[in-house]
1. So Lys119 ticks every box in (1) at pLDDT below 80; (2) under 30 Å from Arg51 (Cβ atoms); (3) in a loop (DSSP other than H, G, I, E, B) but one. Which box is left unticked?
2. Being acidic (Asp, Glu) and at pLDDT 85 or above is the filter; apply it to the range 229-279 and report the residue that is most open to solvent (accessible area, probe 1.4 Å).
3. Just one of Asp166, Asp155 is in a loop (DSSP other than H, G, I, E, B), modelled with pLDDT of 90 or more and either more than 20 Å from Asp106 (Cβ to Cβ) or open to solvent by less than 60 Å² (accessible area, probe 1.4 Å) (or both); which is it?
4. I'm trying to understand the selection: among the residues of the range 249-281, which are part of a loop (DSSP other than H, G, I, E, B) and free of Cβ contacts under 8 Å to residues at least 12 places away in the same chain?
5. One residue is enough: does the range 181-203 have a residue meeting the conditions open to solvent by less than 60 Å² (accessible area, probe 1.4 Å), modelled with pLDDT of 70 or more and touching a strand residue (DSSP E or B) at 6+ places or on another chain (Cβ under 6 Å)?
6. Yes or no: the range 82-92 includes at least one residue that is assigned to a strand (DSSP E or B), closer than 27 Å to Lys40 by Cα and of a type outside the set (A, V, I, L, M, F, W, C).
7. Is one or more of the residues making up the range 43-63 open to solvent by less than 40 Å² (accessible area, probe 1.4 Å), part of a strand (DSSP E or B) and touching a helix residue (DSSP H, G or I) at 6+ places or on another chain (Cβ under 6 Å)?
8. Inspect the range 123-133 for any residue being at pLDDT 85 or above, in a loop (DSSP other than H, G, I, E, B), under 30 Å from Tyr73 (Cα atoms) and not basic (Lys, Arg) and give the result as yes or no.
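The values are calculated or read from the model by the stated rules, or taken from the named source; none is laboratory data. Model, not experiment: these values are computed from the prediction. Please note: Cβ atoms are built from the backbone with ideal geometry, for glycine as well, and neighbour counts cover all protein chains shown. Please note that ligands, DNA and RNA were not included when accessible areas were found on the heavy atoms of the full protein model with its side chains. Shrake-Rupley method; radii C 1.70, N 1.55, O 1.52, S 1.80 Å.
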Amino acid sequence: YMQALKPAYFLSNVMKTQKFSEGRSGSFFCFSPCKRFILKTIPEGESVLLRRILKKYYTHLMDNPNSLLTRFYGLSAIKMPHGDPLHVLLMANVFNQPFVISEIYDLKGSWIDRGGFRKDRDRSKLGKDNDLPKSRTLRVGPVVKQQLVNIITKDVKMLESVNIMDYSLLLGLHYTSDPDWNMIQNFDSLSVESTVLQTTTIDLEDPSAENHSDEDFSFKKTEFEVLESTDRTEKYVIGIIDILQAYNRQKRLERFFKVFCACKDKKAVSVQNPHNYSTRF
């Protein structure tokens, strides 16, 4: 990633291949020119949390190489002339694939305020739990299914052990047999909370890009990051994202308000304690 973010290389491509955006949380983010990495500003609390859980997070990834948890590659604090330091996180972009992602879903296991408002929803836009058709399954076969469940179970148990909740399963669908869906190329609404971006080819006529081969940007992809359906008509891109939200006082107050003031279903709201959240997830 040090090669991908070299100033000369990054700046020479920034106007040609870059999109900057602001996520729902107010975080500012952008992509490296090769689209393999995401740069995102985060609150100081998330920076502190990541450093606190770093050893356990690292050990988990070493013991579970097929983990679906977001891969973090760097954390920096930039001192500003005026104001508080700017905390910047570097992570992998799970949707940097050699094929087009046709549909994207951000899934939490909650069914309160999780989409489903329009039956004619534009499928090129990010969907949530209630947007995913109830008949939709990942047709990967019983063996791969059990392996996937085991991987996710280990991942969420680790997150539970460090008091983390409110994460999402990011699911991308690629249809190999439907030319109409394969034509979806651009997504105007970007959010690192649920990142949607297709692979972008770097201009090889740019001298700054010529010396950067795939080996320069290589990093290990997990075996279960991309799965193929048993009939080979679909591909599924999967990752667990937004893993830096602790179940803190603010989240406890949010749950109290939603359940006791807004009278929402206590089992259906997104805010749950880490144990209940991981079990439902």
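1. So the condition that Lys119 fails would be (2).
2. Initially, the range 229-279 is screened for residues acidic (Asp, Glu), giving 231, 234, 242, 254, 265.
Then drop every residue that is not at pLDDT 85 or above, which leaves 231, 234, 242, 254.
On the way: Asp231: 76, Glu234: 17, Asp242: 41, Glu254: 55 Å².
So, considering only residues that are acidic (Asp, Glu) and at pLDDT 85 or above, the one most open to solvent (accessible area, probe 1.4 Å) is Asp231.
3. Working: Asp155 fails: in a loop (DSSP other than H, G, I, E, B).
Within the list Asp166, Asp155, the selection yields Asp166.
4. We begin by selecting, within the range 249-281, every residue part of a loop (DSSP other than H, G, I, E, B); these are 262-273, 281.
The answer is Ala262, Cys263, Lys266.
5. no
6. First, pick out the residues of the range 82-92 that are assigned to a strand (DSSP E or B): 86-92.
Of the ones still in play, those that are also closer than 27 Å to Lys40 by Cα are 86-92.
From what is left, the residues that are of a type outside the set (A, V, I, L, M, F, W, C) are 87.
Yes, the conditions are met somewhere in the range 82-92.
7. Keep residues of the range 43-63 that are open to solvent by less than 40 Å² (accessible area, probe 1.4 Å), which gives 47, 49-50, 53, 57, 60-61.
From what is left, the residues that are part of a strand (DSSP E or B) are none.
For the range 43-63, residues open to solvent by less than 40 Å² (accessible area, probe 1.4 Å), part of a strand (DSSP E or B) and touching a helix residue (DSSP H, G or I) at 6+ places or on another chain (Cβ under 6 Å): absent.
8. Scanning the range 123-133, I find no residue that is at pLDDT 85 or above, in a loop (DSSP other than H, G, I, E, B), under 30 Å from Tyr73 (Cα atoms) and not basic (Lys, Arg), so the answer is no.
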